[in-house]
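Asks: First the structure, which I've put down as C-alpha cells, then a few questions once you've had a look.
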Amino acid sequence: MNQTVDVFKISCAGPADLSAAQALMQSGALRAQDIVAVMGKTEGNGCVNDFTRDYATRAWCELLAPRLGIDVAAVHERVALVMSGGTEGVLSPHFTIFARRASTADNTNTEKRLAVGVAFTRDFLPEEIGRLAQLNATEKAVTRAMADAGIDDARDVHFVQIKCSLLTAQKIADALQRSAPPVTHDTYESMGASRAASALGVAVALGEVDATQVSDADIRHDWSLYSAVASTSAGIELDNNVVIVMGMSTRADSDYLIAHGVMRDAVDVSDLRRCLREDFGIDPDTQADVLRQRVVNILSKAEASPDGKVRGARHTMLNDSDINATRHARAAVGAALASVLGDTALYVSGGAEHQGPPGGGPFALILRA
C-alpha cells in the first residue's frame, strides 16, 4: 500500500509551546495518529546539560499520549522524537512534523515522492556508546527504517536523522564499577563519539562504507570514512538511537520532494544552489518568492573543521573555552544557509563526525512538489 506523507513546520515561543501543533489538530489538518516523527530545534546550549531537549520531548509526549490513548512513556516507542538543542545566531526555534497515512492511490506510481520511515535501536550500555556495538545496532535500525519507508534502493535515501545517547557522569561511574571502561570519561566528548559511531552505522547500512573497513579505532579517527546523508545528534534524554529515514519512493504519493547535497566547509553553499537549480528548477538568485512558497525546511549538519582552518584561514572555534565549537558552527552554517533561503527556521545540527567530509556536512532540502 502507498503512503502519503505530510510535512508541517511550526514556530514556537519556547521548548514546550505546542500551540501551533494543537491548532493544526483542531483544524483537522493534522491527526495525532498520523504523526510518525518530530524534529525540533530548541534554544538550549546543545551540550550535555541542554534540558530544553528533554523539556520539548516531554511536552510532545504529554500532547500526544491522550490523543493516542497510550501512556506518556509509550509515545517514545511509537513516535520518533528528535530534539536538537542550539539555535545560535539567526537560527529560529521550531518543530518539523512528519505525518504519514495509508493511501488508496494507485500502487503503480512511476514518479517518486517523499517517503519517511522510522526505527529504534535497543538501549545501549555505557561502554557500548561510541563503539562498534552502537554502529552495528544503528546499521540494522537504518535497514528497518528503509523498509518502513518503502525504500528499496539506498540511492533513494536522501537523509537519515538519528538521535543518539550520550554518557553522563552516572553512566561513566556505572561502567567503571563493572570494570567496563567507556570510550571516554568526558561527557561532552561522548557526544561526538556517539554521533560518530551512529553516522558510520548509516554509512555501512547504505553501502557508503564497507563494514570490514571499520574498527573501534577508526571511529573519530579515520575521517575518510563518512556518510553523505547521515545527521546524528546526541542527547541526554534517551538511552537508545532513534532513526528517521527520508527518501524518495514510488510507493509514496505525497506532495513533497526531497534531495540532498554536501557542504564542503562551513561557508560552502554552492551545492545548495546546485540542488535548488538542478533538482527543483529554482534559481535562488531570481526566484525568492518561489523559494518561500516551496521550501519547507533544510536539514543540515555543521562542524568546526578539525584541522583548525576554513579555506586555509585559521579559525578559533576549537580553542574557545567559553563557547563550545558546535555552537560556533551552528551559528556560522545557519547564517550561510539562511542567506540563500531567506528563512531562519532551519534545522542545523552541530557536530558532523563522519557526516560529510571533515569541516563540512550533508544537507537535505524538503520542498513542496
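Asks: List, largest first, the extents of the alpha carbons of the chain along their principal axes, each in whole Å.
Replies: Projected onto the principal axes, the Cα atoms of the chain cover 56, 50, 43 Å.
Asks: Magnitude of the Cβ-charge dipole of the chain, K/R +1 and D/E -1, about the Cα centre, nearest 20 debye? Don't jump to the answer; show the numbers that get you there.
Replies: Details: 35 positive and 46 negative charges, 100 e Å.
My answer is approximately 480 debye.
Asks: Next question, about the same structure. Restricting to DSSP H runs of at least four residues, report the calculated mean residue ellipticity at 222 nm for the chain, -39500 (n - 2.57) per run over all residues, nearest 500 deg cm²/dmol. Intermediate values should be presented prior to the final figure.
Replies: On the way: 9 runs with 105 residues, N = 369.
When only DSSP H runs of four or more count, the value is -9000 deg cm²/dmol.
Asks: For the stretch 282-299, in order, what is each residue's ³J(HN,Hα) by Karplus, 6.51 cos²θ - 1.76 cosθ + 1.60 with θ = phi - 60°, in whole Hz (x at glycine and Pro)?
Replies: Using θ = phi - 60°, the values come out as 10, 8, x, 7, 10, 10, 4, 5, 5, 4, 4, 6, 9, 6, 8, 6, 10, 10 Hz.
Asks: Just to confirm a number: summing +1 for Lys and Arg and -1 for Asp and Glu over residues other than I219 whose beta-carbon lies under 9 angstrom from that of I219, what do you get? Don't skip to the end; give the middle numbers.
Replies: Numbers: positive: R131, R220; negative: D216, D218, D222, E353.
Value of the local net charge: -2.
Asks: With θ set to phi - 60°, apply the Karplus curve 6.51 cos²θ - 1.76 cosθ + 1.60 along the stretch 89-97 and write out the HN-Hα couplings as whole Hz, x wherever there is a Gly or Pro.
Replies: x, 8, 5, 10, x, 6, 10, 10, 9
Asks: Taking amide H positions as placed 1.01 Å from N in the peptide plane, with prolines and chain starts having none, which residues 5 or more places from Q355, or on another chain, fall under 5 Å of its amide H?
Replies: Amide H to amide H, under 5 Å and 5 or more residues apart or across chains, Q355 pairs with S227.
Asks: Give the order of T212, T168, T326 when sorted by the count of other beta carbons within 10 angstrom, beginning with the fewest.
Replies: T212, T168, T326
Asks: A follow-up question, please. Under a Cβ-only charge scheme (Lys and Arg +1, Asp and Glu -1), can you give me the dipole magnitude of the stretch 1-104 about the Cα centre, in debye to the nearest 20? Please report the intermediate quantities before stating the final value.
Replies: Working: 9 positive and 10 negative charges, 71 e Å.
So the dipole magnitude of the stretch 1-104 works out to roughly 340 debye.
Asks: For the chain, what's the relative contact order in percent, using C-alpha pairs closer than 8 Å and at least 6 residues apart? Intermediate results must be reported in sequence, preceding the final value.
Replies: Working: 903 pairs, mean separation 82.7, N = 369.
With pairs under 8 Å counted, the relative contact order is 22 percent.
Asks: Picking from T212, Q355, S103, whose Cα lies most toward the positive end of the charge dipole for the chain (charges on Cβ: Lys, Arg +1; Asp, Glu -1)?
Replies: Result: S103, furthest along the dipole toward the positive end.
Asks: Name the long-range amide H neighbours of S254: under 5 Å, sequence gap of 5 or more, or other chain; modelled H, no Pro or chain starts.
Replies: Those qualifying (amide H under 5 Å, at least 5 residues apart or on another chain) are V5, L114.
Asks: Rounded to the nearest 20 Debye, what is the dipole magnitude of the stretch 261-358 about its Cα centre when Lys and Arg each give +1 and Asp and Glu each give -1 at the C-beta? Numbers along the way, then the final one.
Replies: Numbers: 12 positive and 14 negative charges, 11 e Å.
Dipole size: approximately 60 debye.
Asks: Karplus couplings for the stretch 325-333 from phi (6.51 cos²θ - 1.76 cosθ + 1.60, θ = phi - 60°), rounded to Hz, Gly and Pro as x?
Replies: With the stated coefficients, the stretch 325-333 comes to 4, 5, 6, 4, 5, 4, 5, 5, 5 Hz.
Asks: Compute the distance from the alpha-carbon center of the stretch 133-169 to that of the stretch 287-342, in whole Å.
Replies: One Cα centre to the other: 24 Å.
Asks: Under a 5 Å amide H to amide H cut-off, with H placed in plane at 1.01 Å, what residues pair with A345 once short-range neighbours are removed?
Replies: For A345, the qualifying residues are S92.
Asks: Given K140/K163; K41/K171; K9/K163; K112/K163; K41/K301, which pairs have Cα atoms separated by over 23 Å?
Replies: Details: K140/K163 15 Å; K41/K171 26 Å; K9/K163 19 Å; K112/K163 27 Å; K41/K301 13 Å.
Too far apart for the 23 Å limit: K41/K171; K112/K163.
Asks: What ranking do H94, H221 get, fewest neighbouring Cβ atoms within 10 angstrom at the top?
Replies: Working: H94 21, H221 12.
Least crowded to most crowded, the residues run H221, H94.
Every read-out reported here was derived from the displayed coordinates using simple, explicitly stated rules and does not represent laboratory data. Keep in mind that this is a model prediction, so the values were computed, not measured. Note: ideal-geometry Cβ built from the backbone for every residue, glycine included; neighbour counts use all protein chains shown.
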